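Heads up, the thing below is written out as structure tokens.
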Amino acid sequence: MSNFGIFGSAERRLVFDVNDFDETLPGPWEWDVKRLAASLEVAARANGFAGKDRRKIVVAAVARYREAMRDFAGMTNLDVWYAHADTDTLLGQFKSQLGKRQRTEVSKSLAKARTRDSMQELPKLTHLVDGRPRIISDPPLVVPVDELVARQGDRKALESELADLIGKYRRTLETDRRYLLEQYQFADMARKVVGVGSVGTRCWIVLMLGRDESDPLFLQVKEAEESVLSRFVGASKHSNQGQRVVAGQRLMQATSDIFLGWQRAGGPDDQPRDYYVRQLRDWKLSIDIDALVPRGMRMYGELCAWTLARAHACSGDQIAIAAYLGGSDVFDQAITEFAAAYADQNQRDYDALVAAVDSGRITAERGL
């Protein structure tokens, strides 16, 4: 459920869509449904919801997926492709279920999302050096390329990698977007530590400048490795893992980042690595799951389920899936039982971890 959020479309609308495609690979569609249902159950327990409320949340989400897939099965392929969940439509749909205070908070959050772009990031991530913006050093989280060069002592190899990344990446963009990107010039680059799932892989942030210093563009360049799903469903048809990520994202999202692309480049260690590229910030907004009450989580779960169904309808056979699901709640109940069992195992795993920390078997810092 954290793999969904609000993003800016190319038409400058806010849309709700699926996110995080590092492991994208065609496989059994029910895996995604199970993941969504289990995460709802785990989150509901973490928020202290009663058992009956948790079950209602999960059942409602799975039922929404089934019903949405049935709707998509009755649409033309083009209608499925054009389907999307923009925030204006969603507000109209859920307005009657939100109180006045909740509507105000949602409006404020959406307004804030529209400011989360490269211009907002400029004063946070950069400072002026000789009159030009440069990325601020904040090791080990952010390390500018100049400092890496000083440490590694191989400037030529590193510059070659960066030039290779930026130059050839342009070729993976559509012609109009390639033209737009060519109007920006490289200004600075830094290595950046990202989320837990990406620790140990390379990630860069790139500062590009357009007509002047008031026209910034921040790109994020993330290393893409073979999907963890490949050992179960086979290797990707794409030899470049960055292309695998981009292809999956473009196929499953209603609208994707206009600068989404990929590249393979060699590093200072002479090992070729695959990367995908996107904007660092583009009107992104994530839901505060810890702040959700049961009714709010139920609404959010149903929204995630509809969005997942739309992604599966675009990337799979919506008629076959809808026919398998049928019109009864048998599938809903089965997935709900799976989610509860998964959450039980999740709790046992956590308890084992805490016990290992308490006994001194492993060392961990609490409260981070």
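The values are calculated or read from the model by the stated rules, or taken from the named source; none is laboratory data. No experiment lies behind these values; they were computed from the predicted model shown. Neighbour counts run over all protein chains shown; Cβ positions are idealised from the backbone, glycine included.
Quick notes on this one:
Conditions (1) in contact with a Pro (Cβ under 6 Å, 6 or more places away or on another chain); (2) farther than 22 Å from Arg13 by Cβ; (3) in contact (Cβ under 8 Å) with a residue 60 or more places away in the chain; (4) of a type outside the set (Asp, Glu), marked per residue:
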residue: Asp176; (1), (2), (3), (4): no, no, no, no
residue: Ala190; (1), (2), (3), (4): yes, yes, no, yes
residue: Asp212; (1), (2), (3), (4): no, yes, no, no
residue: Ser227; (1), (2), (3), (4): no, yes, yes, yes
residue: Gly234; (1), (2), (3), (4): no, yes, no, yes
residue: Lys237; (1), (2), (3), (4): no, yes, no, yes
residue: Gln241; (1), (2), (3), (4): no, yes, no, yes
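- For Leu303, the requirement of being out of contact with any His (no Cβ under 7 Å at 6 or more places or on another chain) and modelled with pLDDT under 95 is met.
- Residue match in segment 241-262 (condition: buried (at least 20 other Cβ atoms within 10 Å of the Cβ), farther than 30 Å from Ile57 by Cβ and basic (Lys, Arg)): yes
- Strands (runs of 3 or more DSSP E) enclosed by segment 183-250 - at least 2 residues per element that are modelled with pLDDT of 90 or more: 203-209, 216-223
- Subset tally (residues that are crowded, with 19+ Cβ neighbours inside 10 Å and out of contact with any helix residue (DSSP H, G or I) (no Cβ under 6 Å at 6 or more places or on another chain)) for segment 37-62: 2
Okay, residues lined up against (1) at pLDDT 95 or above; (2) surrounded by fewer than 16 Cβ atoms within 10 Å (Cβ to Cβ):
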| residue | (1), (2) |
| --- | --- |
| Gln271 | no, yes |
| Asp288 | no, yes |
| Glu337 | yes, yes |
| Ala343 | yes, no |
| Gln347 | yes, yes |
| Ala364 | no, yes |
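- Complete set of residues in segment 119-150 that are β-branched (Val, Ile, Thr) and in contact (Cβ under 8 Å) with a residue 60 or more places away in the chain: Thr126, Ile135, Val142
- Count of segment 293-308 residues, restricted to those that are surrounded by 16 or more Cβ atoms within 10 Å (Cβ to Cβ) and either among the hydroxyl-bearing types (Ser, Thr, Tyr) or not in a helix (DSSP H, G or I) (or both), is 2.
- Residue ID - modelled with the lowest pLDDT, chosen from residues in segment 314-329 that are more than 26 Å from the chain's Cα centre (by Cα) and outside any helix (DSSP H, G or I): Gly327
- Members of segment 126-145 found to be polar (S, T, N, Q) and either closer than 17 Å to Pro216 by Cα or modelled with pLDDT under 85 (or both), listed by number: Thr126
- Any hit, segment 17-26, residues being under 27 Å from Tyr82 (Cβ atoms), assigned to a helix (DSSP H, G or I) and aliphatic (A, V, I, L, M): no
- Per the conditions (1) touching a residue at least 24 places away in the same chain (Cβ under 8 Å); (2) part of a loop (DSSP other than H, G, I, E, B); (3) in contact with a helix residue (DSSP H, G or I) (Cβ under 6 Å, 6 or more places away or on another chain), the sole criterion not satisfied by Thr255 is (3).
- Residues located in segment 283-292, provided they are in a loop (DSSP other than H, G, I, E, B) and in contact (Cβ under 8 Å) with a residue 40 or more places away in the chain: Trp283, Lys284, Ser286, Ile287, Leu292
- When the criteria are applied in full, Ala311 meets the requirement of being among the aliphatic types (A, V, I, L, M), touching a strand residue (DSSP E or B) at 6+ places or on another chain (Cβ under 9 Å), in a helix (DSSP H, G or I) and within 17 Å of Val62 (Cβ to Cβ).
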